[in-house]
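To start, the structure under review is shown below, and the notes come after it.
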Amino acid sequence: MGETSELITKLNKHDPEALSEAYHLYSKLIWAVASGILSGSEACSREDVEECVCDTFFSLWEHPEKYDSGRGSLRSYLCLVARSRALNQYNARNKNAILYLEDFPHEAMEEFPQPVDYGELYTEIRNLSEPTRSILIRRYFYEEKPRVIADKMSLPVKEVENRLYRAKQKLSSILSHLREVK
Amino acid sequence: MDRYPICPLEELSDEQLDNLLGDEWKATPDNISHIHTELKERIQRRKPRRQIAIVALVAVLTLALVGFANADRIQMLFGRYFGSQQLSIYANDITGSSTDNGFTLKAITAVKDGSDTYLFMDLTAEDGGILSDDLYIGICGAEGIGKDLGETVASMFGIGCELIDYDEQTATATIVAHLIGDFYSDQAVFTLRSFATGEKEVSSILDVDLSDAVDSTQPEFMPFESMEENSVGYGYGDEFEKRNMTPEDMECLNPGDLQLNSNQYDLVEVSNLGYKDGLLHIQTRTRTLLPGDRAYPELRDQKGNVLSSLYQTNFGFIDSGMGLAASEYNEYVYDIGSLENLKNYTFGFYGHYYENAYGGKWQIKMDVPENMQTAEYDINRAITTDHGDVHVQKIVVTPISATIILDAAIEWAPDVSAVYRDGTVTELKEDGMFTYEDGKQERRYTGAFIDMAKLAYIKINSERIAVE
């Protein structure tokens, strides 16, 4: 069925098969969104991620009308819901280290020449050594601020910023080159 | 309208997502399958059933009472709140409304399940009022009243209010008040005194060097005897006791007027500071009391760790005029090692508050609703659990609850589920518990529609008890 208006129409009619189809399409993505936030805390578990993923799709089932196709794709909407729920879950388990949506600004990718091929960027990041690899994933795929990354990885903020700066120079050059080759 | 932000993870393949998360956090096939099963079970619990033969006659009569015009909406609301639209056959016709301070509260319907009454209402902003989908209900109450609609017969034990729908176009919030207790009357009144919208996060550090501020004050302390005359109360934690300290040893600051606050959050300010006998005293003063204010003062070290206070006390009194009242002054006492260490700490307010708060008096007067269908079963049977034997005297089942009545109180919650003739099982969640003076205890379970026509057993932990 894919992400078509037909799927959205069926979700609005509370068709269980449509929900299963949406789940089949996006469950791994939503898991990744939730676990990216929750895995940063020792107080959170895989069960918390399961609950968050389930809550996200159940919310779609209960209130399909809240999705507005004029504002973007269903998967973007689900990612937004999952992120919000994961943050709530994270904050409930970590009352002394509250995270806010503002800690995840959608600005990190603007640091690269546009448009960015995320698949290629990930391939390049995967080849880097730790902790740079994890820092870059948190920055560019989970869009966490350097301060949040530093807290989660128990590193000084300055070190996180330095590693981001150095890696960004290198990655910008590689990504530009790849785009020219294409 | 803003577009949904694109999440970078959207652009990765499933394989890349697995790789990114690593073995520790990637989703296994078991995870994906387990969540899908849980999702389907949740939907099943919410899914309205097509027929309830046993109550069909009641349905016709009740729908006639409620009126067909409103029936669709009530079905939708019941589906959302109780998980079954068919429960709308138990809807009672409630018609009251009340307008004050630019808002109108209007009753939609109510259902009653023994000592639990659910009142559905619309709250609408008239000209210029601000409502939103983060509505917070502040102070409200309900009571049974005499025939002259003035004499209180009984007040509710507890009330929980929940927002279940919000219509932006009409600025109307639909709320459900869950009233717990008996009215002991044929008539009742629900009163709303305050609510708020516009939730704001607070993470506000005072832009003040506490060391300088302490040096500049010459605070006077009052001994415990004086505190007793003015104090509303005091509290302390384990550390206080471990140090063999007692409240009688404590002194607290006289009310001060330092007025140290922040631009972001100025409902509460630091009114006095002092350091005495190795302890830091911080006194706060509540300037404005609003419903839903959950921002709390915290002393944090350079790493952001919160230092717990050894001791707290409060005194004075502030009345918001919206049914809210609280202590005007609160004092927090900390052990920071030495006064020199104070430069390593910051003091601030953290949490949430609502920027639009409204007070008034909105009342819904109503006839006490009729009880929904109820079946009571004498059980008189002991069941064995890991915690020991539990004697179940009765089980009371309604379409929205199962209540187990025990001979003797227990301090743990048994697992309770509804088991149907076809073998399907619906888990229920404990909703409330009441222990009587003679030691008997009621434990109420809700969370799903109970199809009484098909119910075979109530399962308590691993034991099934027939209720056909």
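The values are calculated or read from the model by the stated rules, or taken from the named source; none is laboratory data. Everything numeric here is computed off the predicted structure, so don't read it as measured data. Methodologically, a virtual Cβ is constructed for each residue, glycine included, from the backbone with ideal geometry; neighbour enumeration extends over all protein chains shown.
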Regarding segment B:225-246, can at least one residue be identified that is among the β-branched types (Val, Ile, Thr), touching a strand residue (DSSP E or B) at 6+ places or on another chain (Cβ under 9 Å) and modelled with pLDDT under 85? yes
Name the one entry in A:49, A:53 that is within 7 Å of chain B (Cβ to nearest Cβ) and at negative phi. A:53
Looking across segment A:21-45 at residues that are free of Cβ contacts under 8 Å to residues at least 12 places away in the same chain and at the interface with chain B (Cβ under 7 Å from one of its Cβ atoms), the single one that is surrounded by the most Cβ atoms within 10 Å (Cβ to Cβ) is A:32
Anything in segment A:67-85 that is among the charged types (D, E, K, R) and either in contact with a strand residue (DSSP E or B) (Cβ under 6 Å, 6 or more places away or on another chain) or at the interface with chain B (Cβ under 10 Å from one of its Cβ atoms) (or both)? List them, or say none. A:68, A:71, A:75, A:83
Would you say residue A:68 is modelled with pLDDT of 75 or more, surrounded by 20 or more Cβ atoms within 10 Å (Cβ to Cβ) and in contact with a helix residue (DSSP H, G or I) (Cβ under 9 Å, 6 or more places away or on another chain)? no
Condition check: more than 16 Å from the chain's Cα centre (by Cα) and assigned to a helix (DSSP H, G or I). Does residue A:42 satisfy that? no
Looking at segment B:412-468, which of its residues are assigned to a strand (DSSP E or B), free of Cβ contacts under 8 Å to residues at least 40 places away in the same chain and hydroxyl-bearing (Ser, Thr, Tyr)? B:420, B:435, B:457
Suppose we keep only residues that are touching a strand residue (DSSP E or B) at 6+ places or on another chain (Cβ under 8 Å) and more than 20 Å from residue B:237 (Cβ to Cβ) within segment B:330-350. Which one would you say is surrounded by the most Cβ atoms within 10 Å (Cβ to Cβ)? B:349
I need every pair where a residue in segment B:154-175 that is touching a residue at least 40 places away in the same chain (Cβ under 8 Å) and at positive phi has its Cβ under 8 Å from the Cβ of a residue that is part of a strand (DSSP E or B) and surrounded by 13 or more Cβ atoms within 10 Å (Cβ to Cβ), sequence separation at least 6 or different chains. B:171/B:124; B:171/B:125
Being in contact with a strand residue (DSSP E or B) (Cβ under 6 Å, 6 or more places away or on another chain), under 17 Å from residue B:371 (Cα atoms) and in a loop (DSSP other than H, G, I, E, B) is the filter here; which residues of segment B:70-114 pass it? B:91, B:94
Top-ranked residue of segment B:330-369 - restricted to ones that are among the acidic types (Asp, Glu) and farther than 30 Å from residue B:183 by Cβ, ranked as nearest to the chain's Cα centre (by Cα): B:355
Filtering segment B:256-275 for residues that are more than 33 Å from the chain's Cα centre (by Cα) and either surrounded by fewer than 18 Cβ atoms within 10 Å (Cβ to Cβ) or of a type in the set (A, V, I, L, M, F, W, C) (or both) leaves a count of 3
Please state which of the following conditions residue A:6 fails to meet, knowing it meets all the rest: (1) more than 8 Å from chain B (Cβ to nearest Cβ); (2) farther than 30 Å from residue B:300 by Cβ; (3) touching a residue at least 40 places away in the same chain (Cβ under 8 Å). (3)
